[in-house]
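Asker: Pasting in a structure now, in structure tokens, and then I'll have a few things to ask.
Only the coordinates and a few stated rules stand behind these numbers; no lab work does. In this text, all values refer to a predicted model and were calculated from it rather than measured experimentally. Glycine also receives a Cβ, built like all others from the backbone with ideal geometry; neighbour counts cover every protein chain displayed.
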Amino acid sequence: MFLIDTNRDSKPLYDPIINQSLDNYLIQTKRIQGHGIIAYINHPAVIIGVHQNAYAEVNLSYLKAHNIDLVRRSSGGGAVYQDYGNIIFENIVVNDPTAKVDNYAAIGAPILSALQDLGVNAQLSGRNDLVIEGKKFCGMTMVKVGDSYAAGGTIMFDLDNQAARQVLTPNQEKLQSKGVKSVDKRITNIKPYLPAQYQHWTGEDFKNYLLCHMFGVKNLAEIETYSLTAADWQNIDNNLKTKYKTDEWNFGKNPGYHEYVSHHFDIGTVAFNYTVTDGIITECQIYGDFITKGDVEVIDQRLIGTKYERSALIQALEKSNLEQNLGKIGPKTVADLILKKYE
């Protein structure tokens with residue numbers, strides 16, 4: 001295992017659009033063989049999942065008024081607010097079958113170990129959350145491309161919760177499924193739980209502690225490190241111009257289709273925005289915070305041209321390979337959602 005240094009010209013980068021693009025570059029283009037680790041901090045930003053609808057998940061007026069960036073990541077999961085009190089970590093694995101980060105328990109284990117050694121009783125909860133006293137401080141996600149994947153999470157160390165409350169518009173049904181009435185009651189920062197001698201730590205201090213603990217060293221200089229080259233940064237800049245810095249990628253287009261349905265299932269929130277014309281679905285786009293290794297556009301394309309009736313929807317969904325392209329959810333369940341039987 002080695003560290004991938006994401007500093008540029010020996011200075012840390014806090015630009016979330018650049019930082020969020022690194023995992024894709026590292027697993028698809030650079031492909032450093034083995035198990036690498038990246039860790040960074042962003043200036044204020046909202047990061048949304050690849051399948052999410054920014055217009056439904058984010059208070060865009062507040063975001064723009066407070067100069068908060070909106071950044072879409074390449075993996076699934078939900079929307080999160082980040083600032084200098086967050087640490088983002090990722091395992092960058094390329095063609096390394098010995099790397100044990102193919103499930104969320106393995107991804108979270110080094111974080112839990114580091115916190116437990118500080119006397120903080122942190123645990124894995126549910127599918128992909130790390131919690132303290134039942135409150136989430138880290139959500140994890142992963143994206144896989146061929147023999148490579150990026151797997152990690154966002155750690156709340158000393159986040160500005162007031163800004164997070166204002167800029168995020170969480171799905172209320174999802175909160176109710178967790179047994180709480182507001183996002184405040186199910187999230188927490190780590191810092192209040194640290195012993196007194198560590199209360200002076202900044203996000204950078206905590207990030208450095210995590211890295212040293214992961215690699216079993218006393219200081220960062222002891223860690224085997226790969227530094228990105230000038231050629232790497234040129235390639236990254238080119239990717240930013242053509243995709244990751246574009247509004248088309250980050251905001252997406254609000255389809256404005258006539259109907260919008262949403263429900264929170266075990267796999268996450270699933271939503272459909274669609275139009276029915278003369279009894280036929282003529283436009284359709286799926287959204288959500290589910291995590292899939294498949295292609296949700298297969299589902300969209302199967303539904304377009306389908307009669308807006310249960311039997312026809314089920315038949316189209318049965319041909320959509322839902323388990324691969326969406327998750328463990330049945331055609332009848334999805335058909336009922338589209339027919340608004342969960343409202």
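Asker: How high is the FRET efficiency from K328 to R31, r the C-beta distance, R0 25 Å, rounded to 0.05?
Answerer: Working: r = 31 Å, r/R0 = 1.23.
With R0 = 25 Å, the Cβ-Cβ based efficiency is 0.20.
Asker: Hey, another quick one. Give me a comma-separated list of calculated 3J(HN,Hα) values for segment 334-339, in order, Karplus coefficients 6.51, -1.76, 1.60 applied at θ = phi - 60°, integers in Hz, x for any Gly or Pro.
Answerer: Calculated HN-Hα couplings, in order: 5, 4, 5, 5, 4, 7 Hz.
Asker: Consider just the alpha-carbon atoms of segment 1-82 and return their Rg together with their Dmax, both in angstrom.
Answerer: Both quantities, over Cα of segment 1-82: 14.2, 43 Å.
Asker: Okay, moving on. Considering only N91, P44, C284, whose Cα is most displaced toward the positive end of the charge dipole of the chain, charges sitting on Cβ of Lys, Arg (+1) and Asp, Glu (-1)?
Answerer: Looking along the dipole axis, the top candidate is C284.
Asker: Work through the residues other than P331 whose Cβ is under 13 Å from its Cβ and net out their charges, Lys, Arg +1 and Asp, Glu -1.
Answerer: Net of charged neighbours comes to +2.
Asker: Still on this structure, please answer the following. Taking the Cα-to-Cβ direction at D5 and at I280 and moving 7 Å from each Cα, how far apart do the two end points lie in nm?
Answerer: Between D5 and I280, the simple spin-label model gives 6.0 nm.
Asker: Moving on. Here is the link list: K11/K207; K135/K328; K207/K293; K319/K340; K307/K332; K136/K253. Which ones come out longer than 23 Å on Cα distance? All intermediate terms of the calculation are to be shown ahead of the outcome.
Answerer: Numbers: K11/K207 16 Å; K135/K328 26 Å; K207/K293 29 Å; K319/K340 21 Å; K307/K332 15 Å; K136/K253 31 Å.
Result: K135/K328; K207/K293; K136/K253 exceed 23 Å.
Asker: May I pose another question? Excluding residues on the same chain fewer than 8 positions from K245, give the aspartates and glutamates whose Cα lies under 14 Å from its Cα.
Answerer: Answer for K245, where 14 Å is the Cα cut-off: D15, D69, D237, listed by chain and number.
Asker: At what distance in nm do the modelled label points of N219 and H43 sit from each other, each positioned 7 Å from its Cα along Cα→Cβ?
Answerer: 3.0
Asker: Under the classification rounded if a/c is under 1.5, otherwise prolate if a/b is larger than b/c and oblate if not, where does segment 94-141 fall, given a ≥ b ≥ c as square roots of the Cα gyration tensor eigenvalues?
Answerer: On the way: a/c = 3.33, a/b = 1.67, b/c = 2.00.
Oblate shape, in that a/c is at least 1.5 and b/c is the bigger or equal ratio.
Asker: Give me Y209, Y149 sorted ascending by neighbouring Cβ count inside 10 Å, so fewest comes first.
Answerer: Y209, Y149
Asker: Rounded to the nearest 10 degrees, what's the angle between the helix 203-215 long axis and the longest principal axis of the chain, both from Cα atoms, 0 to 90?
Answerer: With rounding to tens, the tilt is 80 degrees.
Asker: Measuring from centroid to centroid over Cα atoms, what is the spacing of segment 216-294 and segment 36-104 in Å?
Answerer: Going from one Cα centre to the other spans 9 Å.
Asker: Still on this structure: In nm, what is the difference between 0.36 nm times the number of residues separating K253 and N95 and their Cα-Cα distance? Each step should come with its number before you reach the end.
Answerer: Values: separation 158, 0.36 × 158 = 56.88 nm, distance 3.54 nm.
Taking 0.36 nm per residue and subtracting the Cα distance, the gain is 53.3 nm.
Asker: To the nearest 500 deg cm²/dmol, what mean residue ellipticity at 222 nm is calculated for the chain from DSSP H runs of n ≥ 4 alone, each contributing -39,500 (n - 2.57), summed and divided by the residues? Spell out each step's value before the answer.
Answerer: Numbers: 13 runs with 101 residues, N = 343.
Rounded to the nearest 500, the figure is -8000 deg cm²/dmol.
Asker: Cα gyration tensor of segment 220-318, axes a ≥ b ≥ c as square roots of the eigenvalues: rounded (a/c below 1.5), prolate (a/b > b/c) or oblate?
Answerer: prolate
Asker: Let me ask something additional. If contacts are Cα pairs under 8 angstrom and at least 6 residues apart, what is the relative contact order of the chain in percent?
Answerer: Worked out over the chain, it gives 17 percent.
Asker: Using the Cα centre of segment 1-160 as the reference point, and only Cβ charges (+1 on K/R, -1 on D/E), how large is the resulting charge dipole? Debye, rounded to the nearest 20.
Answerer: Roughly 320 debye for segment 1-160.
Asker: Please give the net charge around I4, taking every other residue with its beta carbon less than 13 angstrom from that of I4, where Lys and Arg add +1 and Asp and Glu add -1.
Answerer: Value of the local net charge: -2.
Asker: Oh, and also: Per-residue HN-Hα couplings for segment 36-43, Karplus 6.51 cos²θ - 1.76 cosθ + 1.60 at θ = phi - 60°, whole Hz, x for Gly and Pro?
Answerer: x, 10, 10, 8, 8, 10, 10, 6
Asker: Okay, moving on. Using bins 10 angstrom wide from zero, how does P(r) for the chain break down, in % of all Cα pairs?
Answerer: Pair shares across the bins are 5, 24, 33, 25, 10, 3, 0.
Asker: Within 13 Å, Cβ to Cβ, of G203, how many net charges do the neighbouring residues add up to if Lys/Arg are +1 and Asp/Glu are -1?
Answerer: -3
Asker: Let me ask something else about it. Using 0.36 nm per residue of separation minus the Cα-Cα distance, give me the extension gain between N321 and V145 in nm, one decimal.
Answerer: Result: 61.5 nm gained on full extension.
Asker: Once you charge only the Cβ atoms, +1 for Lys and Arg and -1 for Asp and Glu, what is the size of the charge dipole of the chain about its Cα centre, to the nearest 20 debye?
Answerer: 520
Asker: Could I ask something else about it? How do T225, T242 line up, fewest other C-beta atoms within 10 Å first?
Answerer: Starting with the residue having the fewest Cβ neighbours, the order is T242, T225.
Asker: Oh, and also: Give me T202, T141 sorted ascending by neighbouring Cβ count inside 10 Å, so fewest comes first.
Answerer: T202, T141
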